[in-house]
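Working notes, structure below.
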Protein chains: 2
Amino acid sequence: MTRLRFQQSLDDLKEKLLVMAGMSEQAIQRAIEAYRTRDISICDLVVRSEMAINRLERSIDQMAIDILAMEQPTAIDLRFILAVIKINADLERVGDAAVTITERVRDLQVFQSVELPVDIQRMASLAAGMIRKSLQAFIEFDAELAQTVLTMDDSVDRLNENAFFALSNVMKQKPELTPQALNALMISRSLERVADHATNIAEDVIFWVRGADVRHYLSTNEAVRDRPGESDLH
Amino acid sequence: MTRLRFQQSLDDLKEKLLVMAGMSEQAIQRAIEAYRTRDISICDLVVRSEMAINRLERSIDQMAIDILAMEQPTAIDLRFILAVIKINADLERVGDAAVTITERVRDLQVFQSVELPVDIQRMASLAAGMIRKSLQAFIEFDAELAQTVLTMDDSVDRLNENAFFALSNVMKQKPELTPQALNALMISRSLERVADHATNIAEDVIFWVRGADVRHYLSTNEAVRDRPGESDLH
């Protein structure tokens with residue numbers, strides 16, 4: 001494989017990961033839309049898209065493994081591919097979180113819709129924004145942008161803690177609203193989990209970008225075992 | 001590096017991952033012990049060990065990357081190292097789940113201990129058993145054993161669903177027990193999360209073992225780019 005074709009396969013991998021990220025983010029937004037509207041048909045859509053996300057996860061993993069096996073890339077490219085594998089796993093679990101949210105929405109069908117002291121919409125848009133930003137940081141090789149994701153995670157954690165206290169008070173004071181409050185609390189927790197996955201991605205980006213700074217160390221070590229003719233093969 | 005030294009570095013990696021698994025499992029067991037006894041000093045211990053787990057995670061990742069970069073292993077060894085990287089990430093999150101449980105234990109300090117319709121102890125020993133078995137499956141290259149972990153996950157899911165219904169009923173009927181019931185529900189959920197991580201590990205083992213079956217495909221492709229003298233370097 002030429003260097004050009006190798007670069008192309010890395011670009012394809014990146015492209016696929018972006019599709020994966022878009023699908024995961026959409027799954028969360030749909031799940032929250034289902035919660036807002038109590039529309040079960042949207043829940044079904046989320047479950048179907050989660051299956052597509054799982055298939056895409058396996059396909060990205062396989063592609064990454066194939067590149068590793070056939071190209072044996074070193075230093076910076078190696079770290080890139082490993083970052084893809086890790087980010088991929090986190091995105092798949094964002095899809096899982098979306099399905100978990102739809103399960104709570106289904107639970108809620110038999111109960112009346114009530115006002116609750118929790119801004120699910122705001123948490124969801126923060127969490128979705130974190131997924132988007134962490135992927136943008138990955139694409140743009142931007143550790144500073146990745147750092148802002150970690151700050152956003154603190155906000156989501158705070159919102160989730162507040163939701164926990166406010167909703168447990170609702171349950172204590174109006175036990176008849178327990179199902180609604182409990183499901184809202186679970187959804188808040190799932191969104192906090194999505195934010196955690198975005199944080200994992202951001203940390204991987206930071207690790208990857210910083211790793212690039214130590215590539216001198218790696219290439220020094222690589223040099224020891226450089227083989228004549230290797231450059232022709234890449 | 002000789003083949004012997006390469007094999008040694010894979011064994012070292014495996015050994016470190018086993019230490020990581022032992023620490024994660026212990027963190028869960030300690031967190032549940034803290035819940036049972038309401039002993040805050042055990043919570044502190046869990047938090048400290050989580051920091052050690054995080055450090056070990058980074059160190060295993062770095063070791064795996066170094067082996068990949070310097071040895072450029074193919075097919076079966078490559079899949080092994082990738083499995084280590086993925087399992088490592090799951091184990092680290094088991095440590096996170098342990099810390100989450102201790103946060104709930106701290107919350108409970110100001111409330112009276114009460115009997116609740118949930119067998120946290122049983123869920124915890126199932127979840128810890130799943131971690132142990134999935135690692136054993138990894139060590140013994142045993143896809144069938146990994147398969148039993150997936151079945152155990154169904155049991156934990158069922159226990160968690162039952163806990164959800166039973167505890168939300170407690171909250172509805174005895175609102176004064178809401179804090180205790182809610183915290184038990186959150187702990188049950190964290191244990192379900194631990195079981196999910198064990199399931200991820202088991203799935204990685206299955207993927208890895210099955211991947212070994214397709215190594216013929218990989219080595220055929222590898223043969224195309226075999227370089228003279230390469231075997232001397234390994």
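Read-outs throughout are calculated quantities, based only on the coordinates presented, and are distinct from any laboratory measurement. Treat the numbers as computed from the prediction; the structure is a model and nothing was measured. Note: ideal-geometry Cβ built from the backbone for every residue, glycine included; neighbour counts use all protein chains shown.
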For this session: List the longest stretch of chain B that has no exposed loop site; here a site is one of the trypsin sites (Lys or Arg not before Pro) assigned by DSSP to anything other than H, G, I, E or B, with at most 16 other Cβ within 10 Å.
Result: B:39-224
Seminar exercise, completed: Here the stretch A:101-114 yields Karplus 3J(HN,Hα) values (6.51, -1.76, 1.60; θ = phi - 60°; whole Hz; Gly and Pro given as x) of 4, 5, 5, 5, 4, 4, 4, 7, 3, 7, 10, 5, 6, 9
For this session: Sort shortest first the distances from A:Gly22 to its counterpart in every other copy, using label points 7 Å along the Cα-to-beta-carbon line, and give them in nm.
Result: 4.8
Exercise. Can you tell which of B:Asn183, B:Pro117, B:Met130 lies farthest toward the positive end of the dipole of the stretch B:3-229, using +1 and -1 charges on the Cβ of basic and acidic side chains (Lys, Arg; Asp, Glu)?
Worked result: B:Asn183
For this session: Working from Cα positions, state the angle (0 to 90°, nearest 10) between the long axis of helix B:3-37 and the longest principal axis of chain B.
Result: 0 degrees
Problem set entry | Cβ-placed point charges (K, R +1; D, E -1), dipole of the protein assembly as shown about Cα centre in debye, nearest 20 | 780 debye
Exercise. What nm distances, shortest first, do you get from the label point of A:Arg106 to those in the other copies when the point sits 7 angstrom along Cα to Cβ?
Worked result: 3.6
Exercise. Ordered by residue, what ³J(HN,Hα) values in Hz, to whole numbers, does the stretch B:54-60 give under the Karplus form 6.51 cos²θ - 1.76 cosθ + 1.60, where θ = phi - 60° and Gly and Pro are x?
Worked result: 4, 5, 5, 4, 4, 5, 5
Exercise. So how strong a dipole does chain A carry about its Cα centre when Lys and Arg Cβ are +1 and Asp and Glu Cβ are -1, to the nearest 20 debye?
Worked result: 440 debye
Exercise. By the gyration tensor of its Cα atoms, with a ≥ b ≥ c the square roots of the eigenvalues, what is the shape of the stretch A:19-94: rounded for a/c under 1.5, prolate for a/b over b/c, or oblate?
Worked result: prolate
Problem set entry | Charge dipole (debye, nearest 20) of the stretch B:14-142; +1 at Cβ of Lys and Arg, -1 at Cβ of Asp and Glu | 160 debye
Seminar exercise, completed: Inter-copy distances for B:Thr151, label 7 Å out on the Cα-Cβ vector, sorted ascending, nm, one decimal, are 5.2
Seminar exercise, completed: Summing -39500 (n - 2.57) over every DSSP H run of at least 4 residues in chain B and dividing by its residue count gives a helix-only mean residue ellipticity at 222 nm, to the nearest 500 deg cm²/dmol, of -30500 deg cm²/dmol
